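> Quick one: this structure, given as structure tokens, is what I'll be asking you about.
Since every read-out is calculated from the coordinates, none of them should be taken as a lab result. Please read all numbers here as calculations on a predicted model, not as lab measurements. So basically every Cβ, Gly included, is an ideal-geometry build from the backbone, and we count neighbours across all protein chains shown.
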Amino acid sequence: MRALYKHHAGEGLAFTSDRPVPELGPRDVLIRVKKAGICGTDRHIWQWDDWAAGRIPIGIVTGHEFVGVVEKVGDAVTLVRPGQRVSAEGHITKGVDYLSRTGNAHIASDTQILGVDRDGIFADLVSVPEENVWPVHEEIPDKIAAIFDPLGNAVHTVMEAGVSAKSVLISGVGIIGLMAVTVARAAGASRIFCTDINPPRLKLAKKLGAVEAFDVSDPNGWVKEIKDATRGEGVDVLLEMSGFPQAIDQGFRALRNGGTAALLGLPAKPVEFDLNANVIFKGCTVLGINGRRMWETWYQMEELVLSRRLELDEIITHEFPIERYEEAFETMMSGEGIKVLMDFA
Ligand SMILES: [Zn+2]
């Protein structure tokens, strides 16, 4: 089969046409991939930064965002059948550790991630445990189903923070930040403010429903503007999507006392942070967000997509056939594309 895999401890991925088909255990499902999304994680693996070098096994098939069709199922599988259109949760756990058994499988201690710790979905076929397979509703098109993984990050962050009738600051409008704008709006946020340093993305954030989008290349002034717009107090909710130390600090400054901050963006290294001013005296609630709640987030996503209140079309900017993977990665990494898909037809 065709596959994109990490062939060496350096930049890039290699394409092959003769990767063996993955093995299928009794409780596994073999899925024929139709469309795949390129994620920031795949970019780290492509660029082979410190995180990737410390985590990714050489030879692994990468990728974890996808939609496909069930090709074959193991003998003990009861949930899905061949021909069914599916996506899958990429965090795989045996489901028997303390966290999985207490409703927190998304942070299970034995989590293995598709395309990070085990062979992923940049391939014609992928094998996934039955428990991880998500049947796709017939009204949801392939290109939306293909991005349920990152959309789930946005939905998880927004729902965990709680945004209904609240003012919200989304700091960082990359792919997931932009998704968070449309999700927060659909979930009833009163007013959405955004920050970034990328003018076209700020413009898109406004189009998706932000009332104000601040370019923070000039760090002065915007925190005051947000406070002026919120009774001098600051926003009710901060959704931190950038991972940049300065953005994290300023985001907390723009958050009101007693507000809620949900942090999804990953800083590249440990950050210096004023806990006294930003958390303790502020009396705010800080939430760490990892992955998607299984399976609450997936049901919420399905409901939100079916409600037709999410605007995702302009976030999915490009699609390339798998053979043009270099162009696809380049388009994503240059910032020209937002969500870039690869097609396996
Ligand atoms: Zn991803």
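> Ranked highest first by average number of other Cβ atoms within 10 Å, how do 102-111, 25-34 line up? Before the final figure, lay out each step's value.
Details: 102-111: 15.3, 25-34: 20.0.
In descending order of packing, they fall as 25-34, 102-111.
> For E65, which sequence-distant residues (separation of 5 or more, or a different chain) have an amide H within less than 5 Å of its own amide H, given hydrogens modelled in the peptide plane?
Amide H to amide H, under 5 Å and 5 or more residues apart or across chains, E65 pairs with G37.
> Considering only DSSP beta bridges where both residues belong to region 152-288, give the percentage that are antiparallel (nearest 5).
Working: 0 of 22 bridges.
Of the beta bridges lying entirely in region 152-288, close to 0 percent run antiparallel.
> Report, ordered by chain and residue number, the aspartates and glutamates lying within cross-link reach of K72, taken as a straight Cα distance under 14 Å and ignoring same-chain residues fewer than 8 apart.
Within reach: E23, D28, D124, E130.
> Next up: Show me the ranking of peptides 89-95, 139-145, 269-275 by mean Cβ neighbours inside 10 Å, starting with the highest. If you can, show how the numbers build up before the last one.
On the way: 89-95: 20.6, 139-145: 17.1, 269-275: 9.7.
In descending order of packing, they fall as 89-95, 139-145, 269-275.
> Turning to a different aspect of this structure: At 0.36 nm per residue, minus the direct Cα-Cα distance, what do Q47 and E272 gain on full extension? Give it in nm, one decimal, please.
Details: separation 225, 0.36 × 225 = 81.00 nm, distance 2.60 nm.
Taking 0.36 nm per residue and subtracting the Cα distance, the gain is 78.4 nm.
> Let me ask something else about it. How would you rank 190-199, 176-185, highest first, on the average number of other Cβ atoms within 10 Å across their residues?
176-185, 190-199
> Once you've got the Cα coordinates, tell me which of K6/K203; K6/K143; K94/K207; K224/K269 are over 30 Å apart. All intermediate terms of the calculation are to be shown ahead of the outcome.
Values: K6/K203 36 Å; K6/K143 25 Å; K94/K207 42 Å; K224/K269 28 Å.
Pairs exceeding 30 Å: K6/K203; K94/K207.
> Here's something else I'd like to know. At R0 = 45 Å, how high is the FRET efficiency between E314 and V96 if r is their beta carbon distance? Nearest 0.05 is fine. Show your work: numbers first, answer last.
Details: r = 42 Å, r/R0 = 0.93.
Approximately 0.60, to the nearest 0.05.
> What span do the alpha-carbon atoms of region 219-283 cover on each of the three principal axes, reported in whole Å from largest to smallest?
That gives 35, 24, 17 Å along the principal axes, largest extent first.
> Could you calculate the FRET efficiency of L306 with E233 from 1/(1 + (r/R0)^6), where r is the beta carbon distance between them and R0 is 25 Å, rounded to 0.05? Walk me through the numbers before you get to the answer.
Working: r = 36 Å, r/R0 = 1.43.
Computed FRET efficiency for L306 and E233 comes out at 0.10.
> May I ask for the distance between the Cα centers of region 224-283 and region 309-335, given as a whole number of Å?
Here the two parts' Cα centres lie 31 Å apart.
> Over the chain, what is the percentage of antiparallel beta bridges among all DSSP beta bridges, to the nearest 5? Walk me through the numbers before you get to the answer.
Working: 28 of 56 bridges.
Just about 50 percent of them are antiparallel.
> Let me ask another. Over every pair of different alpha-carbon atoms in region 152-288, take the mean of 1/r and invert it; report that Kirkwood radius in Å.
Details: mean 1/r = 0.0700 Å⁻¹.
Averaging 1/r across every pair of different Cα atoms and inverting gives 14.3 Å.
> Restricting to Cα pairs below 8 Å that are 6+ residues apart, what does the relative contact order work out to for the chain? Please round to a whole percent.
Values: 771 pairs, mean separation 56.0, N = 345.
So the answer I get is 16 percent.
> Give me E323, E65 sorted ascending by neighbouring Cβ count inside 10 Å, so fewest comes first. Don't skip to the end; give the middle numbers.
Working: E323 14, E65 30.
Fewest-to-most ranking of E323, E65: E323, E65.
> Output the relative contact order of region 173-265, whole-number percent, from Cα pairs under 8 angstrom with separation of 6+ residues. Mind showing how you got there, number by number?
Numbers: 133 pairs, mean separation 21.4, N = 93.
Computed over region 173-265, the figure is 23 percent.
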